[in-house]
Amino acid sequence: MDQYYPFLTLPLPYSYVSLMPCCDADTLYAHHQYYANSVRSLNRLTVRYGLMERSLEELIAGELNLPPVPEREIKNLAGLVYNHNLYFNSISGSVGLPPENALTEELRATYGSLEQFLKLVMESAQSVYGSGWLWLIVEGGGLHLATTQNNETVSLDAVAPILIVDLWEHAYFPIHRFELDAYLRDWFARINWDHAEALYLNAVQ
């Protein structure tokens, strides 16, 4: 998943209308354009500060040896791009039941059932004050839920991300308003299980 300059705006693997009623076309379009603008800003700053040899993950986790303000800006943009790359590809353009595969088997073994997993996702999401992200990660060979604030990532050198949920309000307004649980139920129904399974198998092998 690692990328190098010039960082690319990944196209959505579905149409703008495919996520109804989880997300309306206008909201999804604006969300994707926000991400695209951030990719352009990251490329511009990467050139300005001579960081073209750094990977996206190195921009996030490495020491950039820059003044505090541009370093924070670059790390924020790099995290935003990384998180959205995973988020948009974690969603499917069609609603479907979870398959029987290694990931769902491990989710049941870890959390008791997929329904219990979703319940814990909702509880974890409610613990994020303001804006942030919720992650399903592999750490130490097991599955865990984690949260980050703003555009921070999990520790990419220590864990392997499998799924991510955008908890910024621009991801689910205006359809869900303040009904975060409803948004998460719709997200769960549209998980791209093939994509998540591939990341999971790569992480545990």
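None of the figures in this text is laboratory data; all of them are computed from the coordinates on show. From a predicted model like this one, the values you see are computed outputs, not experimental measurements. Note that each Cβ is placed from the backbone with ideal geometry, even for glycine, and that neighbours are counted across all protein chains shown.
So that you can scan it fast, the table gives a plain yes or no per residue for (1) exposed (fewer than 14 other Cβ atoms within 10 Å of the Cβ); (2) in contact with a Leu (Cβ under 7 Å, 6 or more places away or on another chain); (3) under 24 Å from E63 (Cα atoms):
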{"residue": "K119", "(1), (2), (3)": "no, no, no"}
{"residue": "G130", "(1), (2), (3)": "yes, no, no"}
{"residue": "W133", "(1), (2), (3)": "no, yes, yes"}
{"residue": "L143", "(1), (2), (3)": "no, yes, no"}
{"residue": "A146", "(1), (2), (3)": "no, no, yes"}
{"residue": "A158", "(1), (2), (3)": "yes, no, yes"}
{"residue": "P161", "(1), (2), (3)": "no, yes, yes"}
{"residue": "I164", "(1), (2), (3)": "no, yes, no"}
{"residue": "E169", "(1), (2), (3)": "no, no, no"}
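Within region 91-100, the presence of a residue that is of a type in the set (S, T, N, Q), assigned to a helix (DSSP H, G or I) and touching a helix residue (DSSP H, G or I) at 6+ places or on another chain (Cβ under 9 Å) is excluded.
Considered as a group, the residues in region 38-52 that are closer than 20 Å to L12 by Cβ and over 17 Å from the mean Cα position of the chain (by Cα) include one that is surrounded by the fewest Cβ atoms within 10 Å (Cβ to Cβ), and that residue is R40. Taking region 78-90 as the range and being in contact with a His (Cβ under 8 Å, 6 or more places away or on another chain), part of a helix (DSSP H, G or I) and of a type in the set (S, T, N, Q) as the test, only N89 passes.
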